[in-house]
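Take a look at this one; I'll ask things after.
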Amino acid sequence: MNFEGWGSQRWAIHLTQLLNAANPPDRYRFNIAAFAKEISASLFPGDPIAEVRSVDLEDCEGALLPSDSGKRWGIYVNKKGSPRRRRFTAAHELGHYLVHRQKYPDGLRCDEAAVDGRNGVEIEREANDFASTLLMPLDDFRRRIPAKSEADFDQLSECATHYDVSLVAAILRWLRYTERRAMIVVSRDGYINWAWSSETALKTRRYFKTSGAPVEVPARSLVGQSIFTEEAREGVKHPDGVWFDEPTKEMTLRAERYDLNYTLLQFADTVSMFRHDEPRELDTYDRFLGVRK
Ligand SMILES: [Zn+2]
């Protein structure tokens, strides 16, 4: 087969078909390291992935690096990450190997925002798209949470377990296909670290710009009051003015392990009165500016 010019989607779909055909017992929890080595050795015996290892990586989550000879590649993931996080990162680096290694013979290093495809860099978005599609096939995910349905932390956690990925990876996957107006806000100590909106939320200007001065979480929100009860996890409806100038459903939980708070915001799906015709590119640009490590 000639793989010349294959992009991230084409690769992910091709490999998904191979996995579907092989249908291993742990279809959605397959061993990504073994898979990366096997696939690369059979398709590209001239420069395969020879190792996939968890190592101490300073200030990055993952890297794709060539051997000294340039004839072998290694995928390295941050050993400080959870096993699920590392699995997603390894898939992201496999995406770089398949799509970008020829353009980047010296390899690539990716921080957390890059791995999540949140930093506005095209090759990072592509590698994230590859990893998301390979690990969380859209048809299967959509059966679990239909594009028109609201989601909650229980459903999204079940998806994360089913696909053996982090909760954040599952949430971002859902936000990228849902037709609902929804967003995730990740905060620490009362300030927003980063946020990500679904397409329809973005089009109605529901996003946070966090590039400039630190943005505080709203004082009257659950997360703003450090309320991490079961009720907060299940969701509370706020009136206008708490998060935005429309009623907003907030679900908040505390991720102790990372010392972070995860907040899901969901809005009514009648959007006609909020719609405006500003091109998405502008909003996207705003949002990328808003990404902060
Ligand atoms: Zn990357």
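The values are calculated or read from the model by the stated rules, or taken from the named source; none is laboratory data. Bear in mind that the values here come from a model prediction, so they are computed numbers and not experimental data. Virtual Cβ from ideal backbone geometry, glycine too; neighbours counted across all protein chains shown. Heads up: the accessible areas ignore ligands, DNA and RNA and are worked out on the full protein's heavy atoms, side chains in. Shrake-Rupley method; radii C 1.70, N 1.55, O 1.52, S 1.80 Å.
Tell me, what is the Rg over Rh of the range 71-143, with Rh the Kirkwood radius over Cα pairs?
0.97
Now for a different question. Which of the lysines could a cross-linker span from residue 71 if the Cα-Cα distance has to be under 19 Å and same-chain partners fewer than 8 positions apart are dropped?
Once the sequence-local lysines are set aside, what remains near residue 71 is 37, 103.
Principal axis lengths of the range 8-135 from Cα atoms, whole Å, largest first?
38, 31, 26
Same structure again: Could you sort 204, 161 by their accessible area in this structure, using a 1.4 Å probe and putting the largest first?
161, 204
Then there is this: Given C-alpha coordinates of the range 141-289, what is the ratio Rg to Rh with the Kirkwood estimate of Rh?
For the range 141-289, the value is 0.94.
For a quick check, take a GNM of the chain with Cα springs below 10 Å and name the residue from 143, 86, 206 with the largest mean-square fluctuation.
Per the Cα network of the chain with a 10 Å cutoff, 143 tops the list.
Let me ask something else. Take the eigenvalues of the Cα gyration tensor for the range 105-186, scale each by 5, and report the square roots as semi-axes in whole Å, largest first.
For the range 105-186, the semi-axes come out at 23, 13, 12 Å.
What number comes out for the charge environment of residue 137, summing +1 per Lys or Arg and -1 per Asp or Glu over other residues with Cβ under 14 Å away?
Spelling it out: positives minus negatives among the neighbours equals +3.
Next question, about the same structure. Applying the Karplus parametrisation 6.51 cos²θ - 1.76 cosθ + 1.60 with θ = phi - 60° to the phi angles of the range 180-185, what ³J(HN,Hα) value in whole Hz is obtained for each residue in order, glycine and proline being reported as x?
6, 8, 8, 8, 10, 10
Of 226, 211, 69, which is the most mobile in a GNM of the chain whose springs link Cα atoms less than 10 angstrom apart?
69
Which log10 I(q)/I(0) values, to two decimals, does the chain give at q = 0.12, 0.13 Å⁻¹ under the Debye formula with one point per Cα?
With no solvent term, the Cα-only Debye profile gives -0.79, -0.91.
Here's a follow-up. Rounded to the nearest 10 Å², what accessible area does residue 200 show when all protein chains are kept and the probe is 1.4 Å?
For residue 200, solvent-accessible area is about 30 Å².
Something else: Which ³J(HN,Hα) values, rounded to whole Hz and listed in residue order, are derived for the range 145-159 from phi using the Karplus coefficients 6.51, -1.76 and 1.60 in 6.51 cos²θ - 1.76 cosθ + 1.60 with θ = phi - 60°, glycine and proline given as x?
Along the range 145-159, the couplings run 10, x, 4, 9, 8, 5, 10, 10, 5, 5, 4, 5, 5, 4, 5 Hz.
Please state the relative contact order of the chain as a whole percent: Cα pairs under 8 Å, 6+ residues apart?
Averaging sequence separation for qualifying contacts and normalising by length gives 14 percent for the chain.
Determine the per residue accessible area of the range 8-135 with all protein chains present and a 1.4 angstrom probe, expressed in square angstrom.
46 Å²
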